[in-house]
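The values are calculated or read from the model by the stated rules, or taken from the named source; none is laboratory data. Model, not experiment: these values are computed from the prediction. Glycine gets a Cβ as well: all are built from the backbone with ideal geometry, and neighbour counts include every protein chain shown.
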Amino acid sequence: MAQKEEPQKPNQKQIKEQLNPLQYHVTQECGTEPPFQNAYWNNKKEGIYVDVVSGEVLFSSLDKFDSGTGWPSFTKPIEPENLVEKEDATHGMSRTEVRSKTGDSHLGHVFPDGPGPEGLRYCINSASLRFIPKEDLEKEGYGRYRPLFEKK
């Protein structure tokens, strides 16, 4: 079983080379992608979502739900220690920004109106994520997450 290396943040030159312009804008400049016109808002496949910059594990499809907003939404992170929350007072609103810990990527925001037991809705930009389907977890180095998707 391949073991994923510890996530690391690439330098700015590597980040610019590895990301497309939208991914760079969202993750490095706190941008937002258009709703309903992004890669994962309607993704129903099983797997995990990792930071597009660092590869650190963020969310699982098991915690994804349709919030009607046009962005991928999750009730909780799969690895809470990989997220950092910051106050965001931009755009005349008071919100809680969510960033990846190692990659320091802007992911989106968390709101207190979700359906899960904690009542949270992590509203995340697809451009900040890379989806790893459950069948590719081993080869991508995330094999330890495979048991999440095995029927009990």
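The residue list Asp66, Asp51 contains one member that is among the charged types (D, E, K, R) and either farther than 18 Å from Gly116 by Cβ or in contact (Cβ under 8 Å) with a residue 60 or more places away in the chain (or both), which is Asp51. Per this entry, Glu150 is not counted among residues that are on the phi < 0 side of the Ramachandran plot and modelled with pLDDT of 95 or more. The residues listed here are Lys76, Lys45; of these, the one that is within 27 Å of Pro10 (Cα to Cα) and either touching a residue at least 12 places away in the same chain (Cβ under 8 Å) or part of a strand (DSSP E or B) (or both) is Lys76.
Residue-level check: of (1) modelled with pLDDT of 95 or more; (2) not in a strand (DSSP E or B), Val50 misses just (2). Residues in segment 114-147 that are in contact with a Gly (Cβ under 6 Å, 6 or more places away or on another chain) and either in a strand (DSSP E or B) or of a type in the set (S, T, N, Q) (or both) were compared, and the one that is surrounded by the most Cβ atoms within 10 Å (Cβ to Cβ) is Asn125.
The residues in segment 87-101 that are under 16 Å from the mean Cα position of the chain (by Cα) and modelled with pLDDT under 95 can be counted, and the count is 1.
When segment 1-32 is filtered for residues that are surrounded by fewer than 20 Cβ atoms within 10 Å (Cβ to Cβ), assigned to a loop (DSSP other than H, G, I, E, B) and not small (Gly, Ala, Ser), the ones remaining, listed by number, are Met1, Lys4, Glu5, Glu6, Pro7, Gln8, Lys9, Pro10, Asn11, Asn20, Cys30, Thr32. Hey, Gln23 hits all of (1) at pLDDT 95 or above; (2) of a type in the set (S, T, N, Q); (3) closer than 14 Å to Cys123 by Cα but one; which does it fall short on? Gln23 satisfies every listed condition except (3).
Screening the candidates Glu87, Glu97, Glu79 for the property of being closer than 14 Å to Tyr145 by Cβ and not β-branched (Val, Ile, Thr) yields one hit, Glu79.
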